[in-house]
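Take a look at the structure set out below.
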Amino acid sequence: MTISTGNDIVALKAINIDRTRQPNFYSKIITDNEKSLYDEALFAVLPLEHFVWLAWSVKESVYKFLKRHQHDLIFSPSKIIVAHVTPPAKRSQAQREGIGFDGESAYKVEATFVGHKFHARTILSPDYIFSVVDNHSGFSKVHWGIKKIGSSEPQDQSAAVRELVLHKFRDLFPEDNFKIEKSLTGLPVLFKNGTETAIPVSFAHHDHYVAYSFVWA
Amino acid sequence: MTREEILTELKSVFAPYTSNKEMLESINDQTDLIGDLKINSANLVDIIIDAEAKYNIEIDYDSADKMINVGSCIDVISEKLNHR
């Protein structure tokens with residue numbers, strides 16, 4: 001089984017709602033078949049613009065998951081297909097970190113890419129859409145976190161998300177030293193006491209929000 | 001249109017989505033939209049839509065997938081202009 005992780009966050013204040021609702025825009029993100037998933041049941045709980053960006057966040061997460069092992073992969077929203085979207089039984093709370101997902105407060109999404117199936121969990125808050133992807137449905141080893149920061153500048157986002165995940169690792173392993181470096185393909189790599197680990201880490205940022213996911217038993 | 005003319009015009013297409021104005025002024029074919037201009041991936045669709053409107057072209061899925069650096073953006077726009 002491939003060990004990886006991928007996540008994405010969309011800051012809702014940074015999206016253009018009117019533009020997202022235009023067919024020439026959303027058709028670049030979702031196909032006609034995916035648009036057909038937006039039925040009456042989803043319409044009742046999810047504005048179209050949120051559905052579109054939910055799909056985007058899942059696709060971007062799948063891409064990040066795969067990119068760790070397929071370095072030459074190009075992000076192609078039309079080739080990562082959202083197949084099922086199941087709304088949560090209750091509204092998401094303002095939870096900003098966790099291990100796995102409460103079965104009742106996250107959207108359950110299935111997506112495929114060239115015959116491979118992926119599972120996503122998506123939290124939709126009033127401020128952001130956050131998705132994490134795994135290749136099995138348990139998510140019991142998936143750690144994740146979200147933070148609102150004071151700047152939307154790329155260098156500040158980068159520093160903030162690194163500090164956020166390093167803080168988590170210091171909590172988990174207080175005796176050890178951690179650092180994050182970027183691989184040649186631009187992916188974050190975690191080093192523990194100077195040695196590269198096999199723990200997959202994924203970063204995301206948009207506007208004033210940063211997020212991470214990693215897989216650790 | 002020449003590649004140089006398209007490159008110059010692309011600066012105004014990218015401008016709303018990057019805060020790296022210094023890099024924007026010196027873009028070349030190799031400039032990566034995400035890695036160099038620090039454009040958030042969520043804005044890549046905006047750039048495609050803006051390019052479609054600016055040049056009155058339609059950019060299909062496969063062409064959009066190629067638009068990851070300035071040179072590939074110019075390639076796609078040039079091809080679409082030539083087949084208009």
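Could you tell me which residue of the range A:12-67 is surrounded by the fewest Cβ atoms within 10 Å (Cβ to Cβ), considering only residues that are more than 13 Å from every other protein chain (Cβ to nearest Cβ) and aromatic (Phe, Trp, Tyr)? Among residues in the range A:12-67 that are more than 13 Å from every other protein chain (Cβ to nearest Cβ) and aromatic (Phe, Trp, Tyr), the one surrounded by the fewest Cβ atoms within 10 Å (Cβ to Cβ) is A:PHE43.
Inside the range A:1-21, residues that are assigned to a helix (DSSP H, G or I), in contact with a helix residue (DSSP H, G or I) (Cβ under 6 Å, 6 or more places away or on another chain) and of a type in the set (A, V, I, L, M) make up a count of 1.
Scan the range B:15-56 for residues that are farther than 18 Å from B:ILE68 by Cβ and either outside any loop (DSSP other than H, G, I, E, B) or within 11 Å of chain A (Cβ to nearest Cβ) (or both) and the total you get is 9. State whether one or more residues within the range B:64-79 are in a helix (DSSP H, G or I), under 20 Å from A:ILE74 (Cα atoms), in contact with a Ser or Thr (Cβ under 8 Å, 6 or more places away or on another chain) and β-branched (Val, Ile, Thr). There is at least one residue in the range B:64-79 that is in a helix (DSSP H, G or I), under 20 Å from A:ILE74 (Cα atoms), in contact with a Ser or Thr (Cβ under 8 Å, 6 or more places away or on another chain) and β-branched (Val, Ile, Thr). The requirement of being away from chain B (no Cβ under 14 Å), outside any strand (DSSP E or B) and buried (at least 22 other Cβ atoms within 10 Å of the Cβ) is satisfied by A:PHE169.
Outside any helix (DSSP H, G or I), of a type in the set (S, T, N, Q) and not assigned by TED's automatic domain parsing to the domain that holds A:ALA41, is that true of A:THR112? Criteria not met by A:THR112. Looking across the range A:140-157 at every residue that is over 20 Å from A:VAL215 (Cβ atoms) and outside any loop (DSSP other than H, G, I, E, B), the one that is nearest to the other protein chains (Cβ to nearest Cβ) is identified as A:PRO154. Confirm whether B:SER12 is among the polar types (S, T, N, Q), closer than 25 Å to A:SER152 by Cβ and either touching a Phe, Trp or Tyr at 6+ places or on another chain (Cβ under 9 Å) or in a loop (DSSP other than H, G, I, E, B) (or both). Answer is no for this residue.
With the condition kept exactly as written, say whether any residue in the range A:178-192 is more than 14 Å from chain B (Cβ to nearest Cβ) and assigned to a loop (DSSP other than H, G, I, E, B). Looking through the range A:178-192, none of the residues is more than 14 Å from chain B (Cβ to nearest Cβ) and assigned to a loop (DSSP other than H, G, I, E, B). Restricting A:PHE214, A:PHE178, A:PHE203, A:PHE191 to those that are in contact with a Leu (Cβ under 7 Å, 6 or more places away or on another chain) and surrounded by 13 or more Cβ atoms within 10 Å (Cβ to Cβ) reduces the list to A:PHE178.
Quick test for you: out of B:ASP60, B:ASP65, pick the one residue that is among the acidic types (Asp, Glu) and within 27 Å of A:HIS205 (Cβ to Cβ).
Working: B:ASP60 fails: within 27 Å of A:HIS205 (Cβ to Cβ).
The conditions single out B:ASP65.
Inside the range A:30-86, counting only helices (runs of 4 or more DSSP H) that do not spill past its ends, which hold 2 or more residues that are within 30 Å of A:PRO188 (Cα to Cα) and out of contact with any Phe, Trp or Tyr (no Cβ under 6 Å at 6 or more places or on another chain)?
Numbers: elements: A:32-35, A:40-45, A:48-67.
Where helices (runs of 4 or more DSSP H) fall fully within the range A:30-86 and carry at least 2 residues being within 30 Å of A:PRO188 (Cα to Cα) and out of contact with any Phe, Trp or Tyr (no Cβ under 6 Å at 6 or more places or on another chain), they are A:48-67.
Give the residue, chosen from A:VAL52, A:VAL62, A:VAL58, A:VAL45, that is farther than 30 Å from A:SER183 by Cβ and in contact (Cβ under 8 Å) with a residue 40 or more places away in the chain. I'd like the intermediate steps shown before the answer.
Working: A:VAL52 fails: in contact (Cβ under 8 Å) with a residue 40 or more places away in the chain; A:VAL62 fails: farther than 30 Å from A:SER183 by Cβ; A:VAL58 fails: farther than 30 Å from A:SER183 by Cβ.
Only one candidate passes the filter, namely A:VAL45.
Being of a type in the set (Lys, Arg), modelled with pLDDT of 95 or more, in the same structural domain as A:VAL58 (by TED's automatic domain parsing) and exposed (fewer than 14 other Cβ atoms within 10 Å of the Cβ) is a property that holds for A:LYS117. In the condition set (1) of a type in the set (Val, Ile, Thr); (2) in contact with a Pro (Cβ under 9 Å, 6 or more places away or on another chain); (3) away from every other protein chain (no Cβ under 14 Å), B:THR2 is compliant with all but (2). Set side by side, the residues A:ASP134, A:ASP176 differ, and just one is assigned by TED's automatic domain parsing to the domain that holds A:SER105 and touching a Phe, Trp or Tyr at 6+ places or on another chain (Cβ under 9 Å), which is A:ASP134.
Inside the range A:185-217, residues that are farther than 26 Å from A:THR122 by Cα, without any contact (Cβ under 8 Å) to a residue 12 or more places away in the chain and not hydroxyl-bearing (Ser, Thr, Tyr) make up a count of 1.
The values are calculated or read from the model by the stated rules, or taken from the named source; none is laboratory data. Everything numeric here is computed off the predicted structure, so don't read it as measured data. Here Cβ is always computed from backbone atoms with ideal geometry, including for glycine, and neighbour counts include all displayed protein chains.
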